[in-house]
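K.L.:
First the structure, then my questions, so here it is.
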Amino acid sequence: MSRPTSLADRDVTGQSPFALARALMPEVPRSRTLFASSLLLQFLTSLAAVTLMGASAWLLSRAAERPPVLYLMVIIVIVRACGLFRAVFRYAERITSHTLALRMQSLLRIRTYTRLAATTLLGRRRGDLLVRIVKDVEAIQDLIVRVALPFASAGLITFVASIAMTILSPIAGIALFGSAIIAGVVVPRLAKRASARADAETVPARGELADRVREINRAAFDLAAYGDAERSAAMLAVDERLRNAEERAAVVRGVAAGVQVLAAGFAVLVALAVGVPAVANGDLNRVALGTLVLVPLALHEVLSTLTQAAQTHTRATAGLARVTQVLEAPPLGRGDRAAGTVAPVPSIELTEASVGWPGSDPVLTGVDLHVGAGERVALVGPSGVGKTTIAATLMGLIPPVAGEVRVAGTIGYLAQDAHIFNTSVAENVKIGNKDATEDDLQDALRRSGLHMNPNRIVGEEGAMLSGGEARRVALARVLLGHHQCWILDEPTEHLDAETADGLMADIWAASAGDPVLVITHDPRVIERCDRVVDLG
């Protein structure tokens, strides 16, 4: 038997939510068995609940006739068994359905992480992206547990209960089936249409709210210092829009619940209207009348969750559509931070190149740049001219708009604003090479001039490090990767002269013999370079 296509090779974009779920399921071990088991267990749970109500009604009616207790033993056992098995089946169903759903969710999240790291979405609206890869990815779980299984199980139990009622009374059985269609199909469908816009609005609104909260949190000191309340007002406006959408959906859900109660009442009234004369005429055992009346109530209790399931379907559709946008986002070049492979003679070269970010006009055209082994070239020019765009093009993050890019060797990139994670120095440095040994780590720390305990916790965004220490942590990452080419983006920015000179001395020593491209405004750095390329 051939192995299923891996998730990395499977096309799961541009599809409906259930098509997306079907595409993910082959990657889950025993996915079909888990889904079938979950459906069977949920059906058995509902069947136990409906049978419990019917058997209890029969028991109470028969007990009122005061027969010998032995006559009641069978029905007593059935009632007890239904009460016990309902809980057991419910627990087992939760285990199996959530096992399937959580595995699918994990697969989709991994696919989303992988795609996100190599797309034009990277670094944009981070609060919204966080909601997409956390909350929106969880919609695949809702699709299985709260939409597909409830509707499928409700359909099965409706069919079985209607047949059982028809045996007792054909008219009551038909009435029950009709009321079930209203409560389980018509009402959820109408409720879904009525709240579709509100349900769809809640998903992106949550992302926008998360983005606003993140922005205000990061800028809290500046906003407080300047008394800027506009951004807070914008956040409250998004919160108000989200709350209004939730309220509209809740109103629709409340109205739908009322209609479902009326449908259940209709089935009960028909059962009474048919059952009482049937008992009087001797066509129906009087003990069965209670069962005829109470079974519709138990069935409609099962159907009462379907309106919310229909609304969940709309939200899951909107959420997974946002995940699909990430999966379909245009890639940033190869999506690999190290362009090129190990080369005998490393070099960096742009020939008649036009560079720019996807979706925008070229920032620069006709760029010629060559950095050979052992050369230090300063790339200068006013802010916004396109220096960092050139660096991104050389690293393969974005393709050139025109011209050629040739990189012989792997590129190490020392960013001006390299992110420092809230963990130890060692873990931050090992981002440069996750397979590095302890000796490799110590060597990188020594060569970067970072004389501190590798197990020291540095705080969120390196809050417990000085500017020079944070820059040296980033340098150690590059050194740990054993790269052959270097791109330095404003390496001395925001550093005092003494710290900057010490840092550059270590960088020049570490990069001796390698091609080095330095993006800088620092005249002391420019003086140490062999050539200057001015983009101004």
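Since every read-out is calculated from the coordinates, none of them should be taken as a lab result. Since the model is a prediction, treat every value here as computed from it, not as a measurement. Here the Cβ positions follow ideal geometry from the backbone for every residue, glycine too, while neighbour counts run over all protein chains shown.
K.L.:
Between LEU269 and ARG214, take the C-beta separation as r, use R0 = 45 Å, and let me know the FRET efficiency to the nearest 0.05. Could the numbers behind the result be given before it?
P.N.:
Values: r = 55 Å, r/R0 = 1.22.
The value I calculate is 0.25.
K.L.:
Next up: Which value in nm describes the separation of the simple spin-label points at ARG80 and ARG528, placed 7 Å from the Cα toward the beta carbon?
P.N.:
A separation of 8.6 nm, rounded to one decimal place.
K.L.:
Also, quick follow-up: Go ahead and run the numbers for FRET between VAL385 and ASP439, Cβ-Cβ distance against an R0 of 41 Å, rounding to 0.05.
P.N.:
FRET efficiency, VAL385 to ASP439: 0.45.
K.L.:
Oh, and also: Return GLU427, GLU138, GLU352 ranked ascending by Cβ neighbour count within 10 Å, so the fewest neighbours appear first.
P.N.:
GLU352, GLU427, GLU138
K.L.:
Give me the distance between the Cα centres of the range 473-491 and the range 47-64, rounded to whole Å.
P.N.:
Here the two parts' Cα centres lie 75 Å apart.
K.L.:
Treating the angle as unsigned and between 0 and 90°, give the value, to the nearest 10°, between the Cα long axis of helix 467-480 and the longest Cα principal axis of the chain.
P.N.:
Approximately 90 degrees, to the nearest 10.
K.L.:
Calculated from DSSP H runs of 4 or more alone, at -39500 (n - 2.57) each and per residue, what is the 222 nm mean residue ellipticity of the chain, nearest 500?
P.N.:
So the helix-based figure for the chain works out to -19500 deg cm²/dmol.
K.L.:
Same structure again: About the Cα centre of the chain, what is the dipole size in debye to 20, counting +1 per Lys and Arg Cβ and -1 per Asp and Glu Cβ, all else neutral? Numbers along the way, then the final one.
P.N.:
On the way: 53 positive and 53 negative charges, 675 e Å.
Around 3240 debye, computed over the chain.
K.L.:
Quick one, which of (i) 27.5; (ii) 24.0; (iii) 28.6 is the actual Kirkwood radius over Cα pairs in Å calculated for this model?
P.N.:
(iii)
K.L.:
What is the helix-to-structure angle for 170-181, meaning the angle in degrees between its Cα long axis and the longest Cα principal axis of the chain, kept from 0 to 90 and rounded to the nearest 10?
P.N.:
Around 20 degrees separate the two axes.
K.L.:
Also: Starting from 0.36 nm per residue, how many nanometres of slack lie between SER232 and ALA497 once their C-alpha separation is accounted for?
P.N.:
91.5 nm
K.L.:
To continue, here is another question. Each label point is 7 Å from the Cα along the Cα-to-Cβ direction; what then is the distance between the points at GLU240 and ALA63, in nm?
P.N.:
Using points 7 Å along Cα→Cβ, the separation is 5.8 nm.
K.L.:
Return ASP534, ASP489 ranked ascending by Cβ neighbour count within 10 Å, so the fewest neighbours appear first.
P.N.:
Starting with the residue having the fewest Cβ neighbours, the order is ASP534, ASP489.
K.L.:
For the chain, give the share of DSSP beta bridges that are antiparallel, in percent and rounded to the nearest 5; count only bridges with both residues there.
P.N.:
Looking only at bridges with both residues in the chain, the antiparallel portion is about 45 percent.
K.L.:
Charges on Cβ only, +1 for Lys and Arg, -1 for Asp and Glu, centred on the Cα centroid of the chain; of ALA249, LEU47, THR393, which one is farthest towards the dipole's positive end?
P.N.:
LEU47
K.L.:
Helix 31-64: angle to the longest alpha-carbon principal axis of the chain, degrees 0 to 90, nearest 10?
P.N.:
30 degrees
K.L.:
Now a separate question. Mind checking which of LEU108, ILE174, TRP58 is farthest towards the positive end of the range 17-324's charge dipole, using Cβ charges of +1 (Lys, Arg) and -1 (Asp, Glu) about the Cα centre?
P.N.:
LEU108
K.L.:
Can you sort PHE151, PHE159 by how many other beta carbons sit within 10 Å, fewest first? Let's see the in-between values first.
P.N.:
Details: PHE151 17, PHE159 12.
Starting with the residue having the fewest Cβ neighbours, the order is PHE159, PHE151.
K.L.:
To the nearest 0.05, what FRET efficiency results for ALA280 and TYR71 with a Förster distance of 22 Å applied to their C-beta separation?
P.N.:
0.35
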